[in-house]
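Encoded as structure tokens, the structure appears first; notes follow it.
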Amino acid sequence: AQSFEAAKSLLAKKVLADARSACSKSISSYNEASAEQAADFGGPPSQLLIQIDAAIADENSAAAAAAKDDVRQKAEASVVDLIGKGYAALKKGNPDEARDFAQKAIAIIATELTPPGATSQIDKLTSRAEAVARLYKSGADSFDNAKKAFVKKALNQAISHCEESLADYDAAILEGPAADLGQPSRKLLKRVREEIEDEERKSTAEAAALKRVEEEADKRALAEAAENKAQQDAIAAVHKSFEFDFVADGMLVIPGSKQLGLRRQDRTLPLDFRPAFMQPQVPKEGYAYIEVEIEEAGLACMIGLTTTREIDKHTKACAESWTVSMLDGSLWHKDTEITSSEIISSSSSSTSVVTTKDYKGYSLRETMGGVLRLLNVFQNSKNAKLGFSRGGGRSGDRVGLLVHRSTGTMQVFINGIKHPHKISNIPKQGPLFFMSELLSDEQQIRIVPNANPPSLK
């Protein structure tokens, strides 16, 4: 009876194992008493034992269910933790790691949750991780292209690639949300824009410098043009003052407007040159210019410079002179040829440096001169240049002489065309006079009035 009472008390307290032990002890004691022919009081303890066993069974079932719920809860907690870690990986810029966490979560659901739980959140994580990975790759590719373009100085292309890269990275941020990996692209974009600004500043500075150079060049050109014009005006003024004032026997000065013409009329054989001199002297510095026109060509005619107004007793020509043949363009010093018409012809497109006026046929005098030239008569004298070919000087042709005292040079112009050679041993100091030498009778030349000096460039 004591054990039975203890069992009931323990059952009430849910101490089921001890209650079952006390109840079993009570039943055992009543069985022993029955064996001694005593009354059987074991019925109530037996019924209590049944209640205790039922309670124990219920408790075991509840514990099993609780254990099962605990396992599921732990599994679900692990899945939630893995999904959280996946999004954390995206925020750190690791989409591949995020996909790994998603796969681990799927494995837990498949093996530890019965029935399997919903995978929508995991699918969403996986989808976002894949999208972020694609955007990251696209952004990285555009960034690489931007760097290559920058190295090649294709700055506009570099800007375009940087902007594409940043667009991909910004989209990844929104898709994840994911980490911002666009900082290198932003730095490069800033550097490219600074480079462009520098180039624009340099270009502006260079353009300004070029403009200044051009303006200075224009100023210099205007100054040079003005100086050249002033020199030409001075040369033209001096040119107007030249006239024939001293001639050899057989020469005649013919007045013509403001200038003077010269004619040889002694009717001698064409075997010697007769000189004529001009006044005033060639200026002692700067430039001087004289231009002479052939009115009657004759056989040969020289025009040039002399340091003296004396006539050689033997040759009856100038004692000292630098001349050009008005018939074939050859250059002479005294009786020595400096540059022959053959040399001139080889460097010119025509047969002679002289540009002839319209051809109207040759006179008898001109024909004879051509024959003498062909026969190379008087080879070692200026007389060897008698006559001329079809390319030689004719009536109407003009010869100009530009003398520069500072350099000691005389440049020849024939009908406005610059002679390919020039005399370069003219005295830089001392008196100089323009002069002419005629060879045949009825030969006539004149100083061209108001002649335009050539450009000094």
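The values are calculated or read from the model by the stated rules, or taken from the named source; none is laboratory data. Quick caveat: nothing in here was measured; it's all calculated off a predicted structure. Every residue, glycine among them, receives a Cβ derived from its backbone with ideal geometry; neighbour counts consider all protein chains shown. Surface areas here come from the heavy atoms of the whole protein model, side chains and all, with no ligands, DNA or RNA. Shrake-Rupley method; radii C 1.70, N 1.55, O 1.52, S 1.80 Å.
Overview of results
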{"quantity": "Condition check for SER241: open to solvent by 40 Å² or more (accessible area, probe 1.4 Å), among the polar types (S, T, N, Q) and closer than 26 Å to TYR287 by Cβ", "calculated": "yes"}
{"quantity": "Any pair with Cβ under 6 angstrom, 6 or more apart, that starts in segment 425-436 at a residue that is within 12 Å of LYS284 (Cβ to Cβ) and ends at one that is at pLDDT 90 or above and β-branched (Val, Ile, Thr)", "calculated": "LEU432/VAL282"}
{"quantity": "Checking ALA35 against (1) over 60 Å from the mean Cα position of the chain (by Cα); (2) under 30 Å from ALA179 (Cβ atoms); (3) not hydroxyl-bearing (Ser, Thr, Tyr), the condition it does not meet", "calculated": "(2)"}
{"quantity": "Per-region count, segment 157-200, residues of a type in the set (S, T, N, Q) and either in contact (Cβ under 8 Å) with a residue 40 or more places away in the chain or not in a helix (DSSP H, G or I) (or both)", "calculated": "1"}
{"quantity": "Segment 401-439: number of residues that are surrounded by fewer than 23 Cβ atoms within 10 Å (Cβ to Cβ) and part of a loop (DSSP other than H, G, I, E, B)", "calculated": "15"}
{"quantity": "Selection count, segment 440-450, where residues are part of a loop (DSSP other than H, G, I, E, B), out of contact with any Gly (no Cβ under 6 Å at 6 or more places or on another chain) and open to solvent by less than 10 Å² (accessible area, probe 1.4 Å)", "calculated": "1"}
{"quantity": "Hits in segment 85-99 - residues which are open to solvent by less than 40 Å² (accessible area, probe 1.4 Å) and outside any helix (DSSP H, G or I)", "calculated": "GLY93"}
{"quantity": "Test: PHE4 is open to solvent by 60 Å² or more (accessible area, probe 1.4 Å) and of a type in the set (A, V, I, L, M, F, W, C)", "calculated": "no"}
{"quantity": "Cross-chain or 6+ apart pairs with Cβ under 8 Å, segment 35-58 first and closer than 14 Å to ASP18 by Cα, then part of a loop (DSSP other than H, G, I, E, B) and open to solvent by 40 Å² or more (accessible area, probe 1.4 Å)", "calculated": "ALA55/LYS14"}
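The rows are residues; the columns are (1) touching a Gly at 6+ places or on another chain (Cβ under 6 Å); (2) surrounded by fewer than 14 Cβ atoms within 10 Å (Cβ to Cβ); (3) part of a loop (DSSP other than H, G, I, E, B).
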site: GLN37; (1), (2), (3): no, yes, yes
site: PHE41; (1), (2), (3): no, no, yes
site: PRO44; (1), (2), (3): no, no, no
site: ILE50; (1), (2), (3): no, yes, no
site: GLU59; (1), (2), (3): no, yes, no
site: LYS74; (1), (2), (3): no, yes, no
site: SER78; (1), (2), (3): no, no, no
site: ILE83; (1), (2), (3): no, no, no
